[in-house]
Amino acid sequence: MKVLITGGAGFIGSHLAEEILQQGMEVYVIDDLSTGAIQNIQHLKENERFHYVIDDIRNRSVLGEMIDLCPVVYHLAAAVGVHLILDSPTNTIENNVFGTELVLKLAAKKRKKVIISSTSEVYGKSEKMPCAETDNILIGAPNNIRWSYACSKAIDEFLALAYYKEMRLPVVVARLFNTVGPRQTGRYGMVIPRFIKQALRGERICVYGDGKQSRCFCYVKDTVTALIGLMECEKAAGEVFNVGSTEEVTIAELAQKVKTLTGSSSEIVYVPYDEAYEQGFEDMRRRVPDITKIKKLIGFKPSYSLDDALRLTIEFLKENLDEY
Ligand code: UDP
């Protein structure tokens, strides 16, 4: 079985590639290394069942050839990270919308099975928690550029479901909540690698806002289990699924946990949002997934606790502090 992973040199994509190779399948990756990195797949290169192309997914002929080869496609290539989105919104929108459009169009020609990775960002500033797949979404005004990411991924979802409805393309939307683990970089905003690196370097651990906002972090290996489970389940086609952990933590508590688990003497400081991001930045207070739907269909339940995830990520970053 040949499997295509767009964004396979990214944080989640590289773990997915690793697991699929371990299951004995053949993996094809296309990645432009914009937020992914060659070091993420270095250890896979020796495997003769691993193939990769460094290119933009919007390169139609290359993507088309790869999709033709593979009966299943995990579409993970996307612009991610709050800092990146604020810095380059044009590329975020174009990459997410046109990239996904092309994946769906080419997959539909040969009825390939596709998983489109989406994000909990699509819930926007909805305050109804936990959020379920059929809940309304509440995306902020377009003059606040952070919402371009949520909107671009919401369009990806609409398009995927439209292909299912009109062309019966077997496509599944996986709405990924905060994910964490080795090989995640803090460069584009992700809080856990940032906190861990600050703690390991003895620098100040910078909590944005009042630290009372909360998130649920899912360990990447659990996320990969969920993605593979959805791909293997026929009944998942045409549906949207939340994928994440339900163990909620405030960002202030998280900073303290990181400090304790690393044994760091770093000071925890609070940085106003306007300084951390830009004037008028809006943060979500809470983001908790309702995972009833995926649990019912494929029995998915996270098996790593937040402490497990933090320990494993700390171990990794201790060895790779400057690379990530
Ligand atoms: N955050 C923080 N310090 C950082 C980076 C992020 O306090 O160095 C906060 C951020 O404002 C948000 C939370 O941590 O409230 C999670 O941020 P991240 O960018 O990881 O994910 P998202 O906001 O997309 O859930």
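Things worth noting here:
- Answer residue from the range 111-148, given it is among the charged types (D, E, K, R) and more than 20 Å from residue 173 (Cβ to Cβ) and is modelled with the lowest pLDDT among those: 146
- Test: residue 252 is assigned to a helix (DSSP H, G or I), aliphatic (A, V, I, L, M) and either within 15 Å of the ligand (Cβ to nearest atom) or at pLDDT 95 or above (or both): yes
- The set of residues from the range 69-89 being among the aliphatic types (A, V, I, L, M) and part of a loop (DSSP other than H, G, I, E, B) comprises 76, 77, 78, 79, 80.
- Complete set of residues in the range 154-181 that are crowded, with 22+ Cβ neighbours inside 10 Å and closer than 30 Å to residue 252 by Cβ: 174, 175, 176, 177, 179, 180, 181
- Residue that is surrounded by the fewest Cβ atoms within 10 Å (Cβ to Cβ) [pool: residues in the range 258-271 that are more than 13 Å from the ligand (Cβ to nearest atom) and within 15 Å of residue 311 (Cβ to Cβ)]: 263
- Check on residue 92, assigned to a helix (DSSP H, G or I), touching a helix residue (DSSP H, G or I) at 6+ places or on another chain (Cβ under 7 Å) and modelled with pLDDT under 95: yes
- Helices (runs of 4 or more DSSP H) wholly inside the range 268-321 that include at least 1 residues being among the small types (Gly, Ala, Ser) and more than 18 Å from the chain's Cα centre (by Cα): 273-276
- Taking the range 303-319 as the range and being of a type outside the set (Ser, Thr, Tyr) and either within 24 Å of residue 212 (Cα to Cα) or modelled with pLDDT under 95 (or both) as the test, the residues that pass are 306, 307, 308, 309, 310, 311, 314.
- Near pairs, Cβ below 7 angstrom, 6+ apart or cross-chain, from the range 182-210 (under 21 Å from residue 221 (Cβ atoms)) to any residue that is within 11 Å of the ligand (Cβ to nearest atom) and part of a strand (DSSP E or B): 192/180; 195/205
- For the range 173-188, a tally of residues being in a strand (DSSP E or B) and more than 11 Å from the ligand (Cβ to nearest atom) returns 3.
- Of all the numbered requirements in (1) farther than 28 Å from residue 225 by Cβ; (2) of a type outside the set (S, T, N, Q); (3) away from the ligand (no atom under 16 Å from the Cβ), residue 135 misses one, and that requirement is (1).
The values are calculated or read from the model by the stated rules, or taken from the named source; none is laboratory data. On a predicted model such as this, the values are computed, not experimentally measured, just so you know. Neighbour counts run over all protein chains shown; Cβ positions are idealised from the backbone, glycine included.
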